[in-house]
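Here the structure comes first, spelled out in structure tokens, and everything after it is commentary.
The values are calculated or read from the model by the stated rules, or taken from the named source; none is laboratory data. Keep in mind the model is a prediction, meaning the values are calculated, not measured. Here the Cβ positions follow ideal geometry from the backbone for every residue, glycine too, while neighbour counts run over all protein chains shown. We work out accessible area using only protein heavy atoms, side chains counted, and drop any ligands, DNA or RNA first. Shrake-Rupley method; radii C 1.70, N 1.55, O 1.52, S 1.80 Å.
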Amino acid sequence: MEVWAVLIGNALTVGLDKAVYLGELPATGWHRHAAPVLLVGLSGRFRLRWPDGRSEHCHSALIDAGVEHVFDPDGERVAILYLEPDAPEVQRLRVLFAQRGPVVGEPLSRVVDRWHTEQRLNHFDLDALIDRRLWPSLQPVDARVLRSLRHLRDAGLPSMPDREALARTVHLSSSRFNHLFSEEAGVSFRSYRVWSQVRRALAAYRPDGSLTDAALDGAFADSAHFSRMFRSTFGMTPSSVLKPLRSVTVLR
């Protein structure tokens, strides 16, 4: 699906193994993502804070799953691109993170042409954005975990599969599956399952819709449950992220 319109306001695009949020956001609280994330300052630098008290300003950063941080856009327009564990880029990034640590600063050149940068981000064209010298060789995900990841993200399912059900489908014990999943995905099964629910809710949200409807589409018990899990995932309230959205595009 091609979308070449000028992006105005806040916009969300959800793909099969990636998602990107473009716009202005408040500073987050402390949080950890269940997927690697690329942060880009589109109109200036943003600020990152770490638990050890350090603070730094960046134009871009790659942060591995499970890394606790605060993200402060400092009033700038930003892009947040989430990369699922089975995305080809992440299969390379796992090697990069192993070599350089869980945070890679300034993987992109400073944004000069914002319109083209936003278009590339909106089409998940990381090869055109990130220095190819940063890309190590491909490290594929175990086929059993790959199947489970995609099953969890299947929006057509009426409910979220649990660990025991997925373990049975790949012929593993629950404990062995749990260990393999964490090893391959970089986060625990529980964390990724919650992320998958939040992702479903994001994809289902419409600017003229309600947060409650999005919560139910994400298989949350109610809007309060959705709000708690959203805060732990993004460090922000659902309304602060979703209410400013002008468009939501889901790529099949």
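Here the chain is assigned +1 on the Cβ of each Lys and Arg and -1 on the Cβ of each Asp and Glu. Its dipole about the Cα centre then comes out at about 300 debye.
Per residue, the chain exposes 46 Å² of accessible surface when a 1.4 Å probe is rolled over the protein heavy atoms with every protein chain present. Over 10 Å intervals from 0, what percent of Cα-Cα pairs in region 105-252 sits in each interval? For region 105-252, the binned pair fractions read 10, 29, 33, 24, 4, 0 percent. Charge dipole of region 119-252 (Cα centre as origin; +1 on each Lys and Arg Cβ, -1 on each Asp and Glu Cβ, all else neutral): 60 debye, rounded to the nearest 20. Per residue of the chain, the DSSP helices (runs of n ≥ 4 H) give a summed -39500 (n - 2.57) that works out to -10500 deg cm²/dmol at 222 nm. When a 1.4 Å probe is rolled over the protein heavy atoms, the share of accessible surface on region 62-217 that falls to carbon and sulfur comes to 47 percent. Residue-wise HN-Hα couplings along region 209-225, as the Karplus relation 6.51 cos²θ - 1.76 cosθ + 1.60 with θ = phi - 60° gives them from phi, are x, 10, 5, 5, 4, 4, 4, 5, 5, x, 6, 8, 5, 6, 5, 5, 5 Hz; Gly and Pro carry x. Just so you know, the Cα atoms of region 135-206 work out to an Rg and Dmax of 12.9, 39 Å. Overall shape: oblate for region 1-84, with the ratio a/c of the largest to smallest alpha carbon gyration tensor axis at 1.5 or above and b/c at least equal to a/b. Gyration tensor analysis over the Cα atoms of region 196-252 returns equivalent ellipsoid semi-axes of 16, 13, 11 Å (largest first, whole Å). For MET236, the residues whose modelled amide H falls within less than 5 Å of its own, excluding neighbours fewer than 5 places apart on the same chain, are GLY29. Using +1 at the Cβ of each Lys and Arg and -1 at the Cβ of each Asp and Glu in the chain, identify which of PHE177, THR212, PHE230 lies farthest towards the dipole's positive end. Checking the options against the dipole of the chain, the answer is PHE177. In a DSSP loop and with at most 13 other Cβ atoms within 10 Å, the trypsin sites (Lys or Arg not before Pro) in region 82-114 are ARG110. In the chain, the inverse of the mean reciprocal separation of distinct Cα atoms equals 18.5 Å; this is its Kirkwood hydrodynamic radius. Largest mean-square fluctuation among SER232, SER210, SER60, in a Gaussian network model of the chain whose springs join Cα atoms under 10 Å apart, belongs to SER210.
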